[in-house]
1. May I ask you to derive the relative contact order of chain A, considering only C-alpha pairs under 8 Å and at least 6 residues apart, and to give it as an integer percent?
2. Can you tell me the FRET efficiency between B:D91 and A:D301 if r is taken as the Cβ-Cβ distance and R0 is 22 Å, rounded to the nearest 0.05?
3. Using only atoms on other chains, find how many Cβ atoms lie within 10 Å of each Cβ of peptide B:225-238 and report the average.
4. For the pair B:K223 and A:E16, how long in nm is the line joining their label points, each one 7 Å along Cα→Cβ?
5. Restricting to region A:194-323, compute how many DSSP beta bridges are antiparallel as a %, nearest 5.
6. Spelling out what I want: for every residue of region A:139-150, take phi, set θ = phi - 60°, compute 6.51 cos²θ - 1.76 cosθ + 1.60 (Karplus), and round to whole Hz; glycine and proline get x.
7. Tabulate in residue order the Karplus-calculated ³J(HN,Hα) for region A:26-39, using 6.51 cos²θ - 1.76 cosθ + 1.60 with θ = phi - 60°, rounded to whole Hz; enter x for Gly and Pro.
8. Please find the FRET efficiency linking A:A285 to A:R263, where r is the Cβ-Cβ separation and R0 is fixed at 22 Å, and quote it to the nearest 0.05.
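Readers should treat all values here as calculations from the given coordinates under stated rules, not as data from a laboratory. Quick caveat: nothing in here was measured; it's all calculated off a predicted structure. Cβ: placed from backbone, ideal geometry, glycine included. Neighbour counts: every protein chain shown.
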Amino acid sequence: MKTLTYGEAIREALFEEMASDDRVLVFGEDVAGYGGLDGVTQGLQKKFGTERVFDTPISESGFAGMAVGAALMGMRPVAEMQFSGLLTVPLDQIVNSAAKARYVHDGAMSCPLVIRSVTYPAGNAYMGQSLEAWVAHVPGLKVVTPSTPIDAKGLLLTSIRDPDPVVFFEHKSLYSNEGLVPEETYSIPIGEASLARTGSDVTIVAWLNMVPAALDAAKELALEGIDLEVIDLRTLIPLDEEAITRSVSKTGRLVIAQEAVTRAGFGAEVIAVVANSDVVHHLKAPVERVGNPGVPIPHSDRLNNHIIPSKDDLIAGVRAVLSS
Amino acid sequence: MTQLMPKDLREMYRLMLMSRIYTDRALQLFDEGRLPTGLHPSAGQEAIGVGACYGLRREDWVIPSLRTTECFWTRGVTMQQMMDAMYGNKDSVNRGKESFHHSGYPSLGILAGTAIVAAHIPVAVGAAKAMQLKGTDNVMLCFFGDGAAARGDFHEGLNLAAVHKAPVVFICENNLHFQTAPASVEMAITDIADRAAGYGFPGVIVDGQDVLAVHETTQEAIKRARQGKGPTLIEAKTYRFRRHYPILAETRPVEEIAEWSKRDPVTILGDYLLANGHMNVSEKQELETSIIIELDSVVARAEAKQAADKSAANSTVYAEGAS
Ligand SMILES: Cc1ncc(C[n+]2csc(CCOP(=O)(O)OP(=O)(O)O)c2C)c(N)n1
């Protein structure tokens, strides 16, 4: 094993897959010359050339559409949206051109593309949006949300190889987090959650940066003898329903940790999984959703900490399910 | 067109100089970790916002680009208002909900764009259409960068403006780079103004470092718009003198930066005023000193004020009192 940051792990996946499969292309704003605003694509153009790694104009709809066309012709494009809030711009190409391609061709065509989308809930009301639920709603798309270096690398490799379009969410606040990654090549299947922490009192279901927040909350609550189980979904679509029901049947208490607005968010889907199964009878308390209370992200850092969910909000959520 | 008098030229100079001094102070505050916001510094591009907005009617509207800080000054926003907005103070324009460059000042005829580059262009067209429908001859000025001209919203917006003969003036601040990449990445032509022909209205190139040229060109376009003759696309060739955003590294060739720094719009106008006897050296010095002194107290006041709080953060998502 070796130590890599989350950002380095993603870069390694891109290097490996570009080296082993010359159909893989990387493009987006600032990805080639600059190497990505956060340095994730650094060195790729130098190694693989300007034909396979290139900067685009500010044309998210245009280059997402190009990714679709190239994928339909057998390439493996990986296009970057430098802020997840930008997903609103290429949404038609992703939701319609990409997601429906296989279905409308009755299976005769594939659209194997990856949209890397960088989530960061600060900065402003537009770019700071966490929009994973928007794409999770669309048949034909897969949605991947890794929280650790090992998962980021393994899942990006799988996503690029996947025959269907994948929206791959990364989180800016995770880029510098370190973790152990195998020396040898490996991959991680899409659709399997991981047990980030085993516990018996309350299940927290989280993804992306809310996983480390949940683990921090668990550490703090452990001092009081409260034992949290943390499920890292890793992939929202397809969803590992069994991992959720297995854990909730054990703990009987569920807290959802999401950075996105709670209303009609992905947490509601997780709750539906529980509500639709026999596990619902094991619930000892109403479910808590911790997330954005339904407010656009304020620009000022002095204001947005009231809106962006934190470890303390999670702890409050855990206390709420324990008190009833 | 109203002739500019020496006092107008001095006022334009004051606005440009103030903008430069303010911007560099804000960058310094950011570097010192005191400013809770970043900024897209306008240094080098001051002539555009000032030249275009100077002399507008109160009833006209503008939508600035992410970099057209000068729209705010020229429309009457004060340094204190701007600094309070940057600090997210309780008594500031939007209480920290949006950055200063995407802030609206409805009472000053400034509409806020969003952070989505070019999304404001069709919005400007709709606003102009409304002015037309209301039977006024007011105009809309819409500012954006060269990067925005690659977006679908730019093309759709310009086409719609042409079809509706909307009273809008599009002002492209072409500073030859977008974020970290050069213009060659975003277009296979040299002049964005050429695109206007494809929509059927005039496209004009102007020296963006020359405030008087910008003013005159914009006044022509405004006249056309007021007369119901439709939009104009003005491409101001310019250069930003600072990095795109404080945390991003410089990516532009040093020779290019050096070459353009010889054409400093603030210096160009200052020299013109001195050469034509519209201002003397000590007046120029006094002006600069007075701006710096005022700014010192502006910063001190902004830092001493209370930040907006949780109740502000949670408010105005919907109309208050609506069911
Ligand atoms: C649609 C969209 N894509 C990407 C971004 C990120 N971004 C912010 S500013 C910028 C560059 C803007 O360039 P330009 O329009 O030329 O204006 P300039 O910064 O040069 O003044 C980019 C790509 C954005 N805000 N909106």
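1. Numbers: 745 pairs, mean separation 53.2, N = 324.
Computed over chain A, the figure is 16 percent.
2. Values: r = 18 Å, r/R0 = 0.84.
The calculated FRET efficiency here is 0.75.
3. Numbers: counts 0, 0, 0, 0, 0, 0, 0, 0, 0, 0, 0, 0, 0, 0.
Per residue, the average neighbour count from other chains is 0.
4. 6.7 nm
5. Numbers: 3 of 16 bridges.
Of the beta bridges lying entirely in region A:194-323, close to 20 percent run antiparallel.
6. x, x, 9, 9, 10, 10, 9, x, 10, 10, x, 5
7. 10, 8, x, 6, 6, 7, 8, x, 8, x, x, 4, 10, x
8. Working: r = 21 Å, r/R0 = 0.95.
Result of the calculation: an efficiency of 0.60.
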